[in-house]
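What follows is a set of notes on a single structure, which appears directly below.
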Amino acid sequence: MKKNKGLLGSYLLLIPGVGFILLFIGSSIFITVAQSFGLFSITGHSSLTLENWKTILSMQESIDSLLFSLKMGVLSSIGTIVVAFPIALYFRKGGVGKGMLGSIIKIPLFIPALVAAFLIVNLLSFHGLINSLLLALRIIKEPLRMLNDRFGWGIVLIQIWKNLPFVLLIVMASIASIRDDTIDAAKNLGAGYWSILLRIYIPLAMPGILVSMILMFIKAFGDFPIFSVAGPVYPTSLSVRMHLMATLHQEWDKAAVIGVIIFVTTFIVIWLYSRLGELVEGDES
Amino acid sequence: MTEVKQLKSDPTPLHLIIEKRKKRFYILLTLFFGLVQLLWVGVPIVMAVMWSLVDPANPWSFPDMFPPSISPHQWQYVFKYTNIARALKTSYAIAPIAVVLSFILSLPTAYVMGRKNIPGKKIFMLVVLLPIIMPGMVVALFLSRVFTSFGLSQSFFGLVLAHTLMGIPYMIRVLTTSFQAIPQDVIDAAENLGATTFVKIKDIFLPMIRPGLLAGMIFAFTASIEEFNLTFIIGTPTFETIPTILFSFMGYNFIRTNASVVALIMMTPNIIMLFIVERFLKSDYLAASLGKM
């Protein structure tokens, strides 16, 4: 009986934090889902309907937006981890001036996403620094189009620049937990650099790598500000499309459908992550 | 061949030579990394500084690598003709309130998460991350419907609540890790000596979570300063914060010089804060709090 009472107290203490989050995020999810099926509509009358889903799913633009957002998510998360992992390995070894370098590389973490987008836009723009340099060095004859380009390289670069420290911190922590003994033992048994990297560092750092890749994917997938600054005119990312639909065309119900698509994708990715996480941890034991 | 000869004439043993080479290699590597990092972070910032100092009488255009002449004109212009001063005030008025509010709301939750074994803890930990994980624009757009129906949109209190929502996840996660780190012995000893709940909170919990609290406050503060989606949907046009002002310079009418000024205004305090709090802000706080979902 006493134990139950303590448990109840614990749950009560959770209310201010978890309850606050659930109240707001939960109501937001609820409204999104309800509106996508035509309920709680703010324009016209409300009735349960699949009409909005049919319209959105039959539009080629929606499919293009979805594919584009997925592409940005995947490329940003792979790109960031590819850049961050070698740096994390370097920081593990340590050396002269490591502390200072560590602070410098953390700067983008404290630079808001919009500012980061702006900073990189200055470099990438048609007559920006990179194009000027390449022209001056006669590597290219015409300035490259890296901003608002159809493929979205500009967005990927901004995402990598802004989120590198974040991913770096997570990956560094998981690399730091690898014991030197393990590495020494492998070296003793004749393992080369590559096999140490592939068979020790990467597998043991896998939990950190997975989390950071998932978080990066979700960030880049649902991103609004970076896309609207550096993205192509067409296709737009899902968030931008949803925002336009809701505010410009006042088609909130259809925007809600896109919202649900974004939510569902996010949840699928998190679910996949938890399955993968179980697999990774299962391998260890 | 030459290698072998050298080894014969040189009395230094082979492993020392390798050691020395390795050392030299690491120094080179450090220099290389340092240079790349300086360029990686420094060049974009320097570019923004240069753009913010462009003299409108002598525009900076394509073949020039540097602005032909500099003037403070852009800075004066931005402060005179835009709402930046008010936006700064709004931003820095909301952030501290949001930080305090998220601390108060997080404390009991973090205590339970860190010190109690309750069923469903894993799920609660995931729920706590939702505001960061969930795509900001979707949440903002449809939360605004909820806010409107409660009369909270376009209000200062609504913005504070929204910013609190974005700060709470960091706060709970970091504080939870701090609570976990308190050794049970200390609490047991205090209880043995007859400490009441109040004394335990005052003399054990609060002092021991202080470093984590600072890290959490910094994260919540920066989260509030850079919060864009919710502010953009719920606050504009009544309330403008620095991010929404910057967005207005970067959207339909892209004015690079004005945007540079606003960008610099927005990031300078953050960077200064980063260097001041660097020693408190051990990287493991963020990693420990977000490294697991």
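The values are calculated or read from the model by the stated rules, or taken from the named source; none is laboratory data. Since this is a predicted model, take the numbers as computed values, not measurements. Backbone-built Cβ (ideal geometry, glycine too); neighbour counts: all protein chains shown. SASA here: full protein model, heavy atoms, side chains in, ligands and nucleic acids out. Shrake-Rupley method; radii C 1.70, N 1.55, O 1.52, S 1.80 Å.
A compact table of results
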item: Test for B:Ser149: is it modelled with pLDDT under 85 and assigned by TED's automatic domain parsing to the domain that holds B:Ser102; result: yes
item: Options A:Glu61, A:Glu51: the member that is open to solvent by 40 Å² or more (accessible area, probe 1.4 Å) and either touching a residue at least 24 places away in the same chain (Cβ under 8 Å) or on the phi > 0 side of the Ramachandran plot (or both); result: A:Glu61
item: Residue within segment A:269-276 that is assigned to a loop (DSSP other than H, G, I, E, B), open to solvent by 10 Å² or more (accessible area, probe 1.4 Å) and farther than 23 Å from A:Ile63 by Cβ present; result: no
item: Segment B:111-151, residues that are among the hydrophobic types (A, V, I, L, M, F, W, C), in a helix (DSSP H, G or I), at the interface with another protein chain (Cβ under 7 Å from one of its Cβ atoms) and open to solvent by less than 40 Å² (accessible area, probe 1.4 Å); result: B:Val112, B:Val127, B:Val128, B:Leu130, B:Ile133, B:Met137, B:Val138, B:Val139, B:Leu141, B:Phe142, B:Leu143, B:Val146
item: Selection from segment B:216-234 of residues that are under 9 Å from the mean Cα position of the chain (by Cα), open to solvent by less than 20 Å² (accessible area, probe 1.4 Å) and aromatic (Phe, Trp, Tyr); result: B:Phe219
item: Scan of segment A:225-250 for residues that are without any contact (Cβ under 8 Å) to a residue 60 or more places away in the chain and either more than 17 Å from B:Ala140 (Cβ to Cβ) or among the small types (Gly, Ala, Ser) (or both), ordered by number; result: A:Ser228, A:Ala246, A:His249
item: Listing of helices (runs of 4 or more DSSP H) fully contained in segment A:45-109 that carry 2 or more residues being at pLDDT below 80 and in contact with an Asp or Glu (Cβ under 6 Å, 6 or more places away or on another chain); result: none
item: Yes/no for B:Phe179 being surrounded by fewer than 16 Cβ atoms within 10 Å (Cβ to Cβ), within 24 Å of the chain's Cα centre (by Cα) and at pLDDT 85 or above; result: no
item: Check on B:Ile172, under 23 Å from the mean Cα position of the chain (by Cα) and more than 10 Å from chain A (Cβ to nearest Cβ); result: no
item: Where A:Pro232 falls short, out of the listed (1) open to solvent by 10 Å² or more (accessible area, probe 1.4 Å); (2) touching an Asp or Glu at 6+ places or on another chain (Cβ under 7 Å); result: (1)
item: Helices (runs of 4 or more DSSP H) contained in segment B:159-253 and holding at least 3 residues in contact (Cβ under 8 Å) with a residue 12 or more places away in the chain, farther than 19 Å from A:Leu109 by Cβ and hydrophobic (A, V, I, L, M, F, W, C); result: B:184-192, B:242-250
item: Filtered residues of segment B:152-165 (kept if surrounded by 24 or more Cβ atoms within 10 Å (Cβ to Cβ) and of a type outside the set (Ser, Thr, Tyr)); result: B:Leu159, B:Ala162, B:His163, B:Leu165
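Yes/no per residue for (1) within 14 Å of chain B (Cβ to nearest Cβ); (2) touching a Phe, Trp or Tyr at 6+ places or on another chain (Cβ under 8 Å):
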site	(1), (2)
A:Ser47	no, no
A:Met72	yes, yes
A:Ser103	yes, yes
A:Leu135	yes, no
A:Ile158	yes, no
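Listed here are the residues, each with its yes/no results for (1) open to solvent by less than 80 Å² (accessible area, probe 1.4 Å); (2) at pLDDT 85 or above; (3) not assigned by TED's automatic domain parsing to the domain that holds B:Gly167.
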| site | (1), (2), (3) |
| --- | --- |
| B:Pro11 | no, no, yes |
| B:Leu14 | no, no, yes |
| B:Ile27 | no, no, yes |
| B:Ser61 | yes, no, yes |
| B:Asp64 | yes, no, yes |
| B:Gln74 | yes, no, yes |
| B:Leu88 | yes, yes, no |
| B:Ser91 | yes, yes, no |
| B:Ile94 | yes, yes, no |
